[in-house]
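Asks: Encoded as structure tokens, here's the structure I'll be asking about.
We did not get these values from a lab; they are worked out from the coordinates using the rules stated. Note that the structure is a prediction, hence the values are computed from the model and not measured. Here the Cβ positions follow ideal geometry from the backbone for every residue, glycine too, while neighbour counts run over all protein chains shown.
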Amino acid sequence: MKILIVEDEKLLADSLQSLLTKKGFEVDVTYDGESGLEYAELGIYDLLILDIMLPKINGYEVAKRIRAKRIGTPILMLTAKSETEDRITGLDSGADYYLTKPFDTRELLACINALLRRQGAQVDEIKFGNTSLDLSTATLVCGSNSVQLSAKEFGIMRYLFQAGGKILSKEMILAKVWGYDSDAVENHVEVYIGFLRKKLASIGSNVRIEAKRRLGYQLEVNDHGEHDKKTAN
């Protein structure tokens, strides 16, 4: 699970990053609204922890712009503003929950876990075409056939399935699966896409990973047989 913290109080931001990293999350931190918005728009995060009083762009505006782009990442707002009107403004801006400072770390963790569960932890599989991805076992299933995926294969396949046919750039896949600060390059994505195409074919799936020149990859359903079309990276 990847979390983005947007908080201009550096000491608080870094302590939250340390806390959440120890809890097993991958955490990125930015210290102003402008860079926070840029990170959030990558669409690679499972949760956004957002302060309101931020340099450059305030948290309300960041949340509004994220929602305007139809990015559904859960948003937990952290702020010293505790008036009812402030809470209403935060929720109307697109926040899912509003936590006032100072807060107990146990309450913060409970909020995070609740938002992540709400996001889809109850979903055990994702379907596309005649194929499903079992999230609990990292397995692709088509009819009576199945194939196990490696960690990176699962990360890419899950991202593609969740995109529901939308195009994902190689940069987005790298950031989501390898991490925003990873040294991995686009060729890594191409290699794993090749592995996944072979595994989809091996179970008789009608799902094809289609390459869109200079744009990235998207899932398509091949209704005319597996051998109609071959796609290159």
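Asks: Test of understanding: ordering 51, 14 by Cβ neighbours within 10 Å, fewest first, what list do you get? Show your work: numbers first, answer last.
Replies: Details: 51 24, 14 14.
If I rank by nearby Cβ atoms, fewest first, I get 14, 51.
Asks: For helix 186-202, what angle does its Cα long axis make with the longest principal axis of the chain, in degrees from 0 to 90 and rounded to 10?
Replies: 50 degrees
Asks: Could I ask something else about it? So what J values fall out for segment 72-80 if you push phi through Karplus, 6.51 cos²θ - 1.76 cosθ + 1.60 with θ = phi - 60°, rounded to Hz, Gly and Pro as x?
Replies: Values per residue, Gly and Pro as x: x, 3, x, 10, 10, 8, 10, 7, 7 Hz.
Asks: As a check on your grasp of the helix formula, calculate [θ] at 222 nm for the chain: sum -39500 (n - 2.57) over DSSP H runs of n ≥ 4, divide by the residue count, round to the nearest 500.
Replies: On the way: 8 runs with 87 residues, N = 233.
Counting only the DSSP helices, I get -11500 deg cm²/dmol.
Asks: Relative contact order for the chain using alpha-carbon pairs under 8 Å, separation at least 6, rounded to a whole percent?
Replies: Over the chain, the number comes to 12 percent.
Asks: Where does helix 84-93 land angle-wise versus the long Cα axis of the chain, in degrees 0 to 90, nearest 10?
Replies: Compared with the principal axis, the helix lies near 20 degrees.
Asks: Would you mind checking the tilt of helix 59-68 against the longest principal axis of the Cα atoms of the chain, expressed as 0 to 90 degrees and rounded to 10?
Replies: Between helix and principal axis, roughly 30 degrees.
Asks: While we're on this one: How much length is gained on full extension from residue 222 to residue 105, taking 0.36 nm per residue of separation minus their Cα-Cα distance?
Replies: Working: separation 117, 0.36 × 117 = 42.12 nm, distance 4.87 nm.
Residue separation times 0.36 nm, minus the Cα-Cα distance, leaves 37.2 nm.
Asks: Taking the radius of gyration and the Kirkwood hydrodynamic radius from Cα positions alone, what is the Rg/Rh ratio for segment 2-121, to two decimal places? Before the final figure, lay out each step's value.
Replies: Numbers: Rg = 12.8 Å, Rh = 14.0 Å.
Using only Cα positions, Rg/Rh for segment 2-121 is 0.92.
Asks: Tell me, what is the FRET efficiency for residue 145 and residue 19 to the nearest 0.05, using R0 = 45 angstrom and their Cβ-Cβ distance as r? Spell out each step's value before the answer.
Replies: Details: r = 43 Å, r/R0 = 0.96.
According to the calculation, E is roughly 0.55.
Asks: Go through (1) 1.07; (2) 1.02; (3) 0.97 and flag the label whose value is the computed Rg/Rh (Cα atoms, Kirkwood Rh) for this structure.
Replies: Derived directly from the coordinates: (2).
Asks: Quote the FRET efficiency, to the nearest 0.05, computed for residue 53 versus residue 134 with a Förster distance R0 of 30 Å and r equal to the Cβ-Cβ distance.
Replies: 0.10
Asks: Given H placed 1.01 Å from N in the peptide plane, which residues other than close sequence neighbours of residue 95 have an amide H under 5 Å from its amide H?
Replies: none
Asks: Give the relative contact order (percent, whole number) for segment 125-221; include only Cα pairs under 8 Å separated by 6+ residues.
Replies: Working: 149 pairs, mean separation 28.6, N = 97.
Value for segment 125-221: 29 percent.
Asks: Pairs 56/166; 22/152; 166/199: which are spaced more than 24 Å apart, C-alpha to C-alpha?
Replies: Working: 56/166 31 Å; 22/152 22 Å; 166/199 21 Å.
From 56/166; 22/152; 166/199, over 24 Å: 56/166.
Asks: Still on this structure, I have one more. Taking the Cβ-Cβ separation of residue 11 and residue 210 as r and a Förster radius of 41 Å, what is the calculated FRET efficiency to the nearest 0.05? Let's see the in-between values first.
Replies: Numbers: r = 47 Å, r/R0 = 1.14.
Given R0 = 41 Å and the Cβ-Cβ separation, E is 0.30.
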